[in-house]
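Scroll down for the structure; my scribbles are underneath it.
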Amino acid sequence: MSILKPYRFYPRESIERRANQILQRMQATPNFAPQWPFEASLVADFLDLGVVWDHIPPDSEGAIAARILPDQRLIEINEEILEKPQGFIESTTAHEIGHWILHINHDEVDGISRQLELDLGTDDAAPAAEEPFVCRATAGFSKIASIEWQAQYFASCLLMPRYILEEKRTGRDLTKWSHLYKIRDELGVSISNLTNRLQEFGWIKIPKGQRQIYPGHAAIDGQQRLFG
Ligand SMILES: [Zn+2]
(Lines give C-alpha, C1' and ligand atoms only; values in the text may rest on other atoms or scores of the structure.)
Protein backbone atom coordinates (compact mmCIF):
# COMPACT_ATOMS: atom_id res chain seq x y z
CA MET A 1 0.00 0.00 0.00
CA SER A 2 1.25 3.42 -0.88
CA ILE A 3 0.83 6.56 1.18
CA LEU A 4 -1.17 7.93 -1.75
CA LYS A 5 -4.53 6.37 -2.40
CA PRO A 6 -5.00 4.98 -5.89
CA TYR A 7 -6.70 7.47 -8.19
CA ARG A 8 -10.46 7.53 -7.97
CA PHE A 9 -13.25 9.68 -9.26
CA TYR A 10 -15.18 11.55 -6.57
CA PRO A 11 -18.60 12.97 -7.47
CA ARG A 12 -19.03 16.59 -6.37
CA GLU A 13 -21.61 15.58 -3.74
CA SER A 14 -19.18 13.18 -2.19
CA ILE A 15 -16.46 15.85 -1.90
CA GLU A 16 -18.97 18.31 -0.48
CA ARG A 17 -20.18 15.75 2.06
CA ARG A 18 -16.64 15.16 3.30
CA ALA A 19 -16.06 18.89 3.77
CA ASN A 20 -19.39 19.27 5.59
CA GLN A 21 -18.62 16.33 7.86
CA ILE A 22 -15.43 18.02 9.02
CA LEU A 23 -17.26 21.30 9.66
CA GLN A 24 -19.90 19.42 11.67
CA ARG A 25 -17.32 17.55 13.71
CA MET A 26 -15.56 20.85 14.44
CA GLN A 27 -18.85 22.48 15.41
CA ALA A 28 -19.33 19.72 17.98
CA THR A 29 -15.83 20.16 19.45
CA PRO A 30 -15.09 22.86 22.05
CA ASN A 31 -12.81 25.63 20.70
CA PHE A 32 -13.09 24.41 17.13
CA ALA A 33 -16.46 25.78 16.01
CA PRO A 34 -15.87 27.21 12.53
CA GLN A 35 -16.31 30.95 12.16
CA TRP A 36 -16.34 33.29 9.21
CA PRO A 37 -14.11 34.97 8.04
CA PHE A 38 -12.77 31.47 7.88
CA GLU A 39 -9.37 30.35 9.06
CA ALA A 40 -8.33 27.19 7.31
CA SER A 41 -5.46 26.68 9.74
CA LEU A 42 -8.06 25.90 12.43
CA VAL A 43 -9.16 22.94 10.34
CA ALA A 44 -5.55 21.83 9.99
CA ASP A 45 -5.22 22.04 13.80
CA PHE A 46 -8.40 20.05 14.22
CA LEU A 47 -7.03 17.32 11.95
CA ASP A 48 -3.69 17.39 13.75
CA LEU A 49 -1.85 18.74 10.72
CA GLY A 50 0.91 21.30 11.11
CA VAL A 51 1.08 24.36 8.87
CA VAL A 52 4.41 26.11 8.28
CA TRP A 53 5.54 28.92 6.05
CA ASP A 54 8.72 28.31 4.20
CA HIS A 55 10.70 29.25 1.16
CA ILE A 56 9.87 26.64 -1.45
CA PRO A 57 12.11 27.06 -4.47
CA PRO A 58 10.60 26.54 -7.91
CA ASP A 59 11.37 23.25 -9.61
CA SER A 60 11.83 22.49 -13.28
CA GLU A 61 8.10 22.88 -13.88
CA GLY A 62 7.80 26.29 -12.25
CA ALA A 63 6.61 27.92 -9.02
CA ILE A 64 5.20 25.84 -6.18
CA ALA A 65 2.44 27.38 -4.03
CA ALA A 66 2.34 24.75 -1.31
CA ARG A 67 2.93 21.12 -0.58
CA ILE A 68 1.98 18.50 1.94
CA LEU A 69 4.40 16.10 3.55
CA PRO A 70 2.07 13.28 4.54
CA ASP A 71 4.48 11.30 6.69
CA GLN A 72 5.16 14.41 8.78
CA ARG A 73 1.51 15.51 8.77
CA LEU A 74 2.79 18.85 7.60
CA ILE A 75 1.51 21.45 5.17
CA GLU A 76 4.18 23.77 3.84
CA ILE A 77 3.07 27.04 2.31
CA ASN A 78 5.40 29.08 0.17
CA GLU A 79 6.04 32.39 1.93
CA GLU A 80 5.92 34.09 -1.45
CA ILE A 81 2.14 33.76 -1.52
CA LEU A 82 1.90 36.18 1.41
CA GLU A 83 1.78 38.82 -1.30
CA LYS A 84 -1.21 37.24 -3.03
CA PRO A 85 -4.70 38.73 -2.66
CA GLN A 86 -6.92 38.12 0.33
CA GLY A 87 -8.28 34.62 0.54
CA PHE A 88 -5.45 33.01 -1.35
CA ILE A 89 -3.77 31.71 1.80
CA GLU A 90 -7.01 30.23 3.12
CA SER A 91 -7.73 28.67 -0.23
CA THR A 92 -4.23 27.19 -0.50
CA THR A 93 -4.35 25.77 3.02
CA ALA A 94 -7.81 24.32 2.45
CA HIS A 95 -6.62 22.84 -0.86
CA GLU A 96 -3.81 20.98 0.91
CA ILE A 97 -6.30 19.75 3.51
CA GLY A 98 -8.31 18.49 0.54
CA HIS A 99 -5.37 16.35 -0.55
CA TRP A 100 -5.03 15.05 2.99
CA ILE A 101 -8.71 14.04 3.14
CA LEU A 102 -9.16 12.75 -0.40
CA HIS A 103 -5.81 11.44 -1.56
CA ILE A 104 -3.74 10.33 1.37
CA ASN A 105 -3.91 6.93 2.93
CA HIS A 106 -4.09 7.72 6.66
CA ASP A 107 -3.51 4.15 7.80
CA GLU A 108 -0.26 4.13 5.91
CA VAL A 109 0.77 7.48 7.44
CA ASP A 110 0.11 6.08 10.93
CA GLY A 111 2.13 3.01 10.06
CA ILE A 112 5.09 5.12 8.99
CA SER A 113 4.87 7.24 12.15
CA ARG A 114 4.95 4.10 14.29
CA GLN A 115 7.83 2.81 12.25
CA LEU A 116 9.73 6.07 12.76
CA GLU A 117 9.19 5.84 16.51
CA LEU A 118 10.49 2.29 16.52
CA ASP A 119 13.51 3.31 14.51
CA LEU A 120 14.36 6.19 16.79
CA GLY A 121 17.80 5.78 18.32
CA THR A 122 18.89 3.07 15.96
CA ASP A 123 21.11 3.37 12.95
CA ASP A 124 18.68 1.56 10.72
CA ALA A 125 17.65 3.47 7.69
CA ALA A 126 14.38 5.29 8.22
CA PRO A 127 11.55 4.34 5.88
CA ALA A 128 11.89 6.06 2.55
CA ALA A 129 10.46 9.54 2.73
CA GLU A 130 7.51 9.79 0.43
CA GLU A 131 7.34 12.40 -2.25
CA PRO A 132 5.29 15.36 -1.06
CA PHE A 133 2.25 16.56 -2.95
CA VAL A 134 3.37 19.64 -4.79
CA CYS A 135 0.77 22.23 -5.69
CA ARG A 136 1.14 25.15 -8.01
CA ALA A 137 -0.66 28.43 -8.31
CA THR A 138 -2.29 27.97 -11.67
CA ALA A 139 -4.15 30.61 -13.58
CA GLY A 140 -7.10 28.47 -14.54
CA PHE A 141 -8.40 25.23 -13.15
CA SER A 142 -9.28 23.80 -16.54
CA LYS A 143 -5.72 22.72 -17.11
CA ILE A 144 -4.99 21.07 -13.81
CA ALA A 145 -5.23 17.40 -13.32
CA SER A 146 -8.24 15.78 -11.78
CA ILE A 147 -6.83 15.37 -8.28
CA GLU A 148 -5.91 19.05 -8.24
CA TRP A 149 -9.49 19.87 -9.22
CA GLN A 150 -10.79 17.59 -6.45
CA ALA A 151 -8.61 19.27 -3.81
CA GLN A 152 -9.67 22.71 -4.98
CA TYR A 153 -13.34 21.77 -5.02
CA PHE A 154 -12.97 20.42 -1.48
CA ALA A 155 -11.39 23.77 -0.50
CA SER A 156 -14.29 25.74 -1.87
CA CYS A 157 -16.84 23.49 -0.08
CA LEU A 158 -14.92 23.91 3.16
CA LEU A 159 -14.49 27.69 2.93
CA MET A 160 -17.93 28.42 1.47
CA PRO A 161 -20.48 25.82 2.61
CA ARG A 162 -23.90 26.22 1.07
CA TYR A 163 -25.63 27.00 4.39
CA ILE A 164 -23.29 29.94 5.02
CA LEU A 165 -23.85 31.31 1.52
CA GLU A 166 -27.62 30.95 1.98
CA GLU A 167 -27.25 33.06 5.10
CA LYS A 168 -25.01 35.65 3.45
CA ARG A 169 -27.17 36.13 0.36
CA THR A 170 -30.19 37.09 2.46
CA GLY A 171 -31.09 40.72 1.79
CA ARG A 172 -28.37 41.06 -0.82
CA ASP A 173 -28.33 41.49 -4.55
CA LEU A 174 -25.84 39.01 -5.95
CA THR A 175 -25.75 40.81 -9.29
CA LYS A 176 -24.04 43.81 -7.65
CA TRP A 177 -20.26 43.70 -7.25
CA SER A 178 -20.44 45.87 -4.11
CA HIS A 179 -22.61 43.20 -2.43
CA LEU A 180 -20.28 40.42 -3.54
CA TYR A 181 -17.27 42.27 -2.15
CA LYS A 182 -19.03 42.54 1.22
CA ILE A 183 -19.75 38.81 1.22
CA ARG A 184 -16.15 38.14 0.21
CA ASP A 185 -14.90 40.14 3.22
CA GLU A 186 -17.28 38.38 5.59
CA LEU A 187 -16.14 34.97 4.37
CA GLY A 188 -12.44 35.75 4.06
CA VAL A 189 -12.16 34.29 0.56
CA SER A 190 -11.01 35.72 -2.75
CA ILE A 191 -13.54 37.29 -5.10
CA SER A 192 -12.81 34.71 -7.78
CA ASN A 193 -13.36 31.83 -5.34
CA LEU A 194 -16.66 33.40 -4.38
CA THR A 195 -17.93 34.08 -7.91
CA ASN A 196 -16.94 30.54 -8.99
CA ARG A 197 -18.90 29.05 -6.12
CA LEU A 198 -21.97 31.22 -6.75
CA GLN A 199 -21.91 30.33 -10.44
CA GLU A 200 -21.67 26.67 -9.54
CA PHE A 201 -24.89 26.99 -7.53
CA GLY A 202 -26.44 28.75 -10.53
CA TRP A 203 -27.14 31.82 -8.41
CA ILE A 204 -25.26 34.16 -10.74
CA LYS A 205 -23.77 34.04 -14.21
CA ILE A 206 -20.80 36.08 -15.38
CA PRO A 207 -20.11 35.46 -19.06
CA LYS A 208 -16.43 34.98 -19.81
CA GLY A 209 -14.55 38.20 -20.31
CA GLN A 210 -17.37 40.35 -18.94
CA ARG A 211 -17.89 42.32 -15.75
CA GLN A 212 -21.66 42.24 -15.91
CA ILE A 213 -23.28 39.85 -13.41
CA TYR A 214 -26.54 38.19 -14.43
CA PRO A 215 -28.92 36.12 -12.30
CA GLY A 216 -28.03 32.44 -12.70
CA HIS A 217 -30.42 29.67 -13.73
CA ALA A 218 -31.26 28.77 -10.12
CA ALA A 219 -32.13 32.40 -9.36
CA ILE A 220 -34.31 32.64 -12.48
CA ASP A 221 -36.06 29.33 -11.73
CA GLY A 222 -36.69 30.51 -8.17
CA GLN A 223 -38.31 33.71 -9.41
CA GLN A 224 -40.48 31.82 -11.85
CA ARG A 225 -41.68 29.62 -9.04
CA LEU A 226 -42.37 32.67 -6.94
CA PHE A 227 -44.42 34.41 -9.62
CA GLY A 228 -45.68 31.42 -11.59
ZN1 LIG B 1 -2.78 20.36 -5.05
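Restricting the first member to segment 60-80 and to residues that are closer than 18 Å to Ala40 by Cβ and more than 13 Å from the ligand (Cβ to nearest atom), and the second to residues that are aromatic (Phe, Trp, Tyr) and open to solvent by 10 Å² or more (accessible area, probe 1.4 Å), the beta-carbon pairs closer than 6 Å and six or more apart or on different chains are Glu79/Trp53. Of all residues in segment 161-177, one or more are part of a loop (DSSP other than H, G, I, E, B), open to solvent by 80 Å² or more (accessible area, probe 1.4 Å) and within 25 Å of Arg12 (Cβ to Cβ).
Within segment 134-157, the residues that satisfy the criterion of being out of contact with any Phe, Trp or Tyr (no Cβ under 8 Å at 6 or more places or on another chain), within 14 Å of the ligand (Cβ to nearest atom) and either open to solvent by less than 30 Å² (accessible area, probe 1.4 Å) or modelled with pLDDT of 95 or more (or both) are Cys135, Ala151, Tyr153, Phe154, Ala155, Ser156.
Of all residues in segment 192-215, those that are outside any strand (DSSP E or B) and open to solvent by 40 Å² or more (accessible area, probe 1.4 Å) total 9.
The values are calculated or read from the model by the stated rules, or taken from the named source; none is laboratory data. No experiment lies behind these values; they were computed from the predicted model shown. Glycine gets a Cβ as well: all are built from the backbone with ideal geometry, and neighbour counts include every protein chain shown. All accessible areas refer to the heavy atoms of the entire protein, side chains included, with ligands and DNA or RNA removed. Shrake-Rupley method; radii C 1.70, N 1.55, O 1.52, S 1.80 Å.
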